[in-house]
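Let me begin by presenting the structure, written as structure tokens, before commenting on it.
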């Protein structure tokens with residue numbers, strides 16, 4: 001059933017523009033500010049004595065925002081840690097809200113958004129409490145609900161001190177679900193229960209429809225069927241008989257079935273069944289090379305096994321990541337990457353491992369994806385449950401070796417769906433994941449439909465923070481082993497289209513050196529300046545003790561970096577002089593109280609040095625190579641940066657950022673660039689996306705470019 005998303009009375013909702021971008025932010029109350037003003041109208045000036053603060057404007061017809069004195073001490077301690085123009089967001093939080101300081105926790109938290117916490121005040125509170133990423137499951141709720149949540153999160157990213165990435169979890173034909181129950185069937189051992197593909201107005205208490213008609217072709221007598229229960233565990237049934245429309249089962253593990261709960265057949269995958277269902281269509285069927293919509297539909301059916309409208313919706317919303325369910329080969333990930341490139345969508349791909357075939361092809365899937373999610377719920381029904389912990393640890397290790405983010409999902413705080421405190425076993429489970437140095441822990445029902453979403457988030461934050469401190473003290477030798485064995489791990493920078501041979505290896509060595517130096521000197525922070533996010537991911541791979549503060553000029557890159565272990569990203573305009581950029585970054589961190597005067601920090605940055613320009617022969621060779629690869633006779637702005645990299649040259653950070661922004665997907669930038677333009681004009685945001693560079697223009701840029709010098713600097717603040 002779709003969850004309702006209803007703004008508070010008197011609130012002006014975001015107007016939606018073309019390509020899903022929020023429009024009309026300037027000149028009207030922001031969604032977060034408007035809703036919170038209406039809900040917290042009595043709160044004003046709790047920290048007025050600490051510093052003069054801008055007052056948030058109430059929604060039309062709403063009262064002036066007030067802040068009660070009872071919460072003033074906590075807010076007053078935090079207010080001067082944030083830029084003045086963003087402080088008003090903190091005043092919109094309720095009195096008992098938690099606020100997580102910058103860089104306090106390395107392991108990230110993804111919260112699933114659902115009816116329990118989906119309106120703007122609730123989302124702002126989750127962001128303040130430590131939600132780094134928001135997961136939206138397209139199997140639940142309608143598109144209007146998800147669109148409004150994405151719009152609110154983008155508003156939070158622009159108008160508050162917090163940064164949250166969004167991920168759409170696409171539905172799958174392998175993710176078969178039961179029907180809707182008005183009352184959950186309570187099944188006892190040896191009860192007979194029938195699963196049917198007949199679609200009828202109503203069913204008897206001992207029968208349920210399943211969401212995929214091909215289910216009937218996969219089931220065989222003797223199979224074990226697992227169905228999600230009301231408690232989050234699984235009811236198990238043995239298949240005893242089959243008809244043309246029904247799968248008759250005998251209950252072996254009792255329980256109450258959850259309405260629209262997931263259901264699977266242990267050890268079997270629908271996408272590889274070859275029984276003629278939608279997921280078995282060939283990728284080469286008619287439509288793959290046709291119009292975009294046909295191409296999307298073909299990929300959706302033949303590769304992902306998901307409804308085409310979900311994939312199209314994900315592309316239109318330009319979220320930071322999409323998660324693919326039941327990934328069983330790298331071909332699935334690569335096909336989606338090609339589709340996203342064809343559509344010009346800068347969206348990362350997360351592969352969910354939840355089947356035996358996915359485990360068999362783990363190495364190649366990890367190499368192809370941006371991140372891996374260990375979906376423990378479905379994985380535990382596909383393999384013996386006692387094997388899940390060892391596979392979880394192995395997947396985390398493989399992801400770290402490949403430099404890919406590892407997410408672990410399901411059952412972390414299942415008891416807190418109904419109760420306000422966790423079990424000791426749940427706390428221990430989270431502790432083990434921290435020891436495995438995974439990037440992200442995922443809250444599912446706890447924040448989506450649970451009774452205590454904010455307390456669940458606070459509990460996970462507290463456990464992760466405390467465990468990281470203990471683990472950091474005990475893993476000195478392990479950390480050294482990781483750094484010493486860096487040469488034995490797979491190279492991360494293998495894309496010869498972007499890097500000349502050897503350049504990527506230098507970048508990896510720089511990242512390893514920065515992590516080792518930071519650990520040896522007990523540095524307070526590592527500063528990384530990155531255009532695409534690559535160097536930040538390289539440093540994160542080595543799990544340094546110090547927080548990694550990544551600075552990038554692009555909002556999309558900043559948002560995507562929230563996934564990485566230990567990385568806290570910031571958006572920063574790069575200057576002509578790299579020293580001016582570093583100084584501006586330090587000002588940001590000092591304002592956020594992330595570093596203090598006298599702290600020792602590590603700075604990873606490219607500087608200009610060595611020889612200028614390149615020979616005419618090298619210029620012509622690289623220009624022709626890049627242009628041919630694009631099937632054109634001229635280069636786009638981003639292609640110019642690519643060609644410079646191939647020549648091992650670099651222009652100023654500011655010019656490079658401008659070149660990138662000229663061809664950035666406008667939908668990727670969403671509302672943020674328009675708000676930033678309103679705050680102050682920027683050359684990069686006003687450039688033409690269609691601008692092209694012929695050879696003469698390219699050569700002129702090369703003449704001003706200088707050889708790249710990678711540096712690791714240790715300096716006091």
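Before moving on, here are some points about what is shown:
- Screening 162, 168, 181 for residues that are at pLDDT 85 or above, assigned to a loop (DSSP other than H, G, I, E, B) and surrounded by 22 or more Cβ atoms within 10 Å (Cβ to Cβ) leaves exactly one candidate, 162.
- Any hit, the stretch 212-223, residues being over 36 Å from the mean Cα position of the chain (by Cα), assigned to a strand (DSSP E or B) and surrounded by fewer than 19 Cβ atoms within 10 Å (Cβ to Cβ): no
- Residue match in the stretch 200-223 (condition: in contact with a helix residue (DSSP H, G or I) (Cβ under 9 Å, 6 or more places away or on another chain) and free of Cβ contacts under 8 Å to residues at least 24 places away in the same chain): no
Condition check ((1) modelled with pLDDT of 95 or more; (2) more than 16 Å from the chain's Cα centre (by Cα); (3) closer than 22 Å to residue 110 by Cβ) across all residues:
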residue: 531; (1), (2), (3): no, yes, no
residue: 555; (1), (2), (3): no, no, yes
residue: 571; (1), (2), (3): no, yes, yes
residue: 579; (1), (2), (3): no, yes, no
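- Test: residue in the stretch 353-368 that is within 28 Å of residue 556 (Cα to Cα), in contact with a helix residue (DSSP H, G or I) (Cβ under 9 Å, 6 or more places away or on another chain) and not in a helix (DSSP H, G or I): yes
- Taken over the stretch 316-329, the criterion of being modelled with pLDDT under 90, part of a loop (DSSP other than H, G, I, E, B) and within 17 Å of the chain's Cα centre (by Cα) is satisfied by 318, 325.
- Which numbered condition residue 349 misses (of (1) out of contact with any helix residue (DSSP H, G or I) (no Cβ under 9 Å at 6 or more places or on another chain); (2) part of a strand (DSSP E or B); (3) without any contact (Cβ under 8 Å) to a residue 40 or more places away in the chain): (1)
- Residue in the stretch 663-672 that is modelled with pLDDT of 55 or more and touching a helix residue (DSSP H, G or I) at 6+ places or on another chain (Cβ under 8 Å) present: yes
- Meets criteria (closer than 22 Å to residue 262 by Cβ and surrounded by 19 or more Cβ atoms within 10 Å (Cβ to Cβ)) for residue 314: yes
- Residue 655 being outside any loop (DSSP other than H, G, I, E, B), under 29 Å from residue 512 (Cα atoms) and either touching a strand residue (DSSP E or B) at 6+ places or on another chain (Cβ under 6 Å) or modelled with pLDDT of 50 or more (or both): yes
- Residue 613, sole failed condition from (1) in contact (Cβ under 8 Å) with a residue 40 or more places away in the chain; (2) touching a strand residue (DSSP E or B) at 6+ places or on another chain (Cβ under 7 Å): (2)
- Residues that are in contact with a strand residue (DSSP E or B) (Cβ under 7 Å, 6 or more places away or on another chain), within 20 Å of residue 540 (Cα to Cα) and crowded, with 22+ Cβ neighbours inside 10 Å within the stretch 103-115 comprise 107, 108, 109, 110, listed in sequence order.
- Those helices (runs of 4 or more DSSP H) lying entirely in the stretch 370-440 with at least 1 residues closer than 24 Å to residue 264 by Cα: 376-382, 388-402
- As a summary of the residue check, residue 313 satisfies the conditions (1) touching a residue at least 40 places away in the same chain (Cβ under 8 Å); (2) under 22 Å from residue 565 (Cβ atoms); (3) touching a strand residue (DSSP E or B) at 6+ places or on another chain (Cβ under 9 Å); (4) in a helix (DSSP H, G or I) except for the one numbered (2).
The values are calculated or read from the model by the stated rules, or taken from the named source; none is laboratory data. Everything numeric here is computed off the predicted structure, so don't read it as measured data. Here Cβ is always computed from backbone atoms with ideal geometry, including for glycine, and neighbour counts include all displayed protein chains.
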